[in-house]
1. Taking the options ALA235, ALA224, name whichever one is among the small types (Gly, Ala, Ser) and under 17 Å from GLN183 (Cα atoms).
2. Could you tell me which numbered condition VAL208 fails, if it satisfies all but one of (1) crowded, with 20+ Cβ neighbours inside 10 Å; (2) modelled with pLDDT of 85 or more; (3) part of a loop (DSSP other than H, G, I, E, B)?
3. Looking only at the range 131-170, how many residues end up being of a type in the set (A, V, I, L, M, F, W, C) and within 17 Å of SER106 (Cα to Cα)?
4. Can you confirm whether the range 76-89 contains a residue that is closer than 16 Å to ILE134 by Cα and of a type in the set (Asp, Glu)?
5. Could you list, in sequence order, all residues of the range 112-166 that are touching a residue at least 60 places away in the same chain (Cβ under 8 Å) and among the acidic types (Asp, Glu)?
6. Please enumerate the residues belonging to the range 160-205 that are part of a loop (DSSP other than H, G, I, E, B), within 21 Å of GLY117 (Cβ to Cβ) and either within 15 Å of the chain's Cα centre (by Cα) or modelled with pLDDT of 85 or more (or both).
7. Quick one: which of ASP150, ASP194, ASP177 is open to solvent by 40 Å² or more (accessible area, probe 1.4 Å) and more than 30 Å from ARG14 (Cα to Cα)?
Amino acid sequence: MDPIGDPPHDFRARLESLYVGDVTVIEMSHGPARSAWTRELDPDPDRLRLVVYARSPRGVGAWHGQQVPLTRGGTALLGATDRSWVTPAGLRGVEIDVPLTAVTISARDLTRVNDPGLMRRDPVLTTLVRPALIGMAGRLRGLAACPDEDFAGTWISMVTMLVRSLTDRDLHSSDLDLARRVQALQYIDRHLDDPTLDPAAVAAALHVSRRTLYLSFPEGVGVARVIRTRRLQRAYALLLEPGRRRPIAQIGERVGLPDPTHFSRAFKAAYGISPRSLRNGVPPTVSVSADRTTPRRDRSRRR
């Protein structure tokens, strides 16, 4: 690794490693630099490395023959490959290394799956593996002090699941349903204010067919119903938000129900009372639970 230009007096480079069985976690950070790693210099070519890079203004990475801008961060799955970085503002990242013998992936597939677009839309990576890897950043010493005997096996399993997802093996099997469902719910929650949000829009955003999207949810749970329920749950929370009293019509707009009459009718059908009544302290006639997919009638009131 060579600093770009004259090294500033406060230039720093840091690398911290955690070894747990056959798995290694590495956290790295350094100032503005150019760096390169070749196959010949690789001290352990029989490792599969999953690396998540933080945003680096004007930063560029290169691996498997691809140039990858790091201005929005990046993710790489690396085996024995030449790679390099140019990071004018520095680089931060966290990496998990597992035995290449524990995860079946060819050199050709490694090159193909490192497409940035494929990485960004993979449900296993975005909802499970990447957040878990980022969550270890800054915590390696704590993890070393309290080792988990299942740590290595868990990470080998997660990297295996990621590889299967990226290489289209068992892409529609049930072990990917949870990851895809989480990804769909995250997308829905981020776009509740869009009145055009519907199952087709969610499927298109996840780059899957509507059938695959529906199969990701439990039997009998329709995606349109999920969208409607989460709109109303968000409206319920906004109506009771402490310290704020937004106009009811504005709340309807914020959850994608801009027609006040339709919003009030849908809310009353779900909770048994109007939005105004809830704000005025009238209790709902249903049990409200954030972890349910649909509202459940409160039978204690049916007497």
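1. ALA224
2. The one condition VAL208 does not meet is (2).
3. The total comes to 6.
4. No, there is no match, as no residue in the range 76-89 is closer than 16 Å to ILE134 by Cα and of a type in the set (Asp, Glu).
5. ASP148
6. Across the range 160-205, the qualifying residues are THR167, HIS191.
7. Values: ASP150 fails: more than 30 Å from ARG14 (Cα to Cα); ASP177 fails: open to solvent by 40 Å² or more (accessible area, probe 1.4 Å).
On inspection, the qualifying residue turns out to be ASP194.
Each row is one residue, and each column tells you yes or no for (1) touching a Ser or Thr at 6+ places or on another chain (Cβ under 8 Å); (2) of a type in the set (Ser, Thr, Tyr); (3) open to solvent by 30 Å² or more (accessible area, probe 1.4 Å).
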| position | (1), (2), (3) |
| --- | --- |
| TRP85 | yes, no, yes |
| ILE105 | yes, no, no |
| GLY117 | no, no, no |
| LEU125 | yes, no, no |
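The values are calculated or read from the model by the stated rules, or taken from the named source; none is laboratory data. Computed from a predicted model, the values in this text were never measured in an experiment. Glycine also receives a Cβ, built like all others from the backbone with ideal geometry; neighbour counts cover every protein chain displayed. With ligands, DNA and RNA removed, areas are computed over all heavy atoms of the protein, side chains included. Shrake-Rupley method; radii C 1.70, N 1.55, O 1.52, S 1.80 Å.
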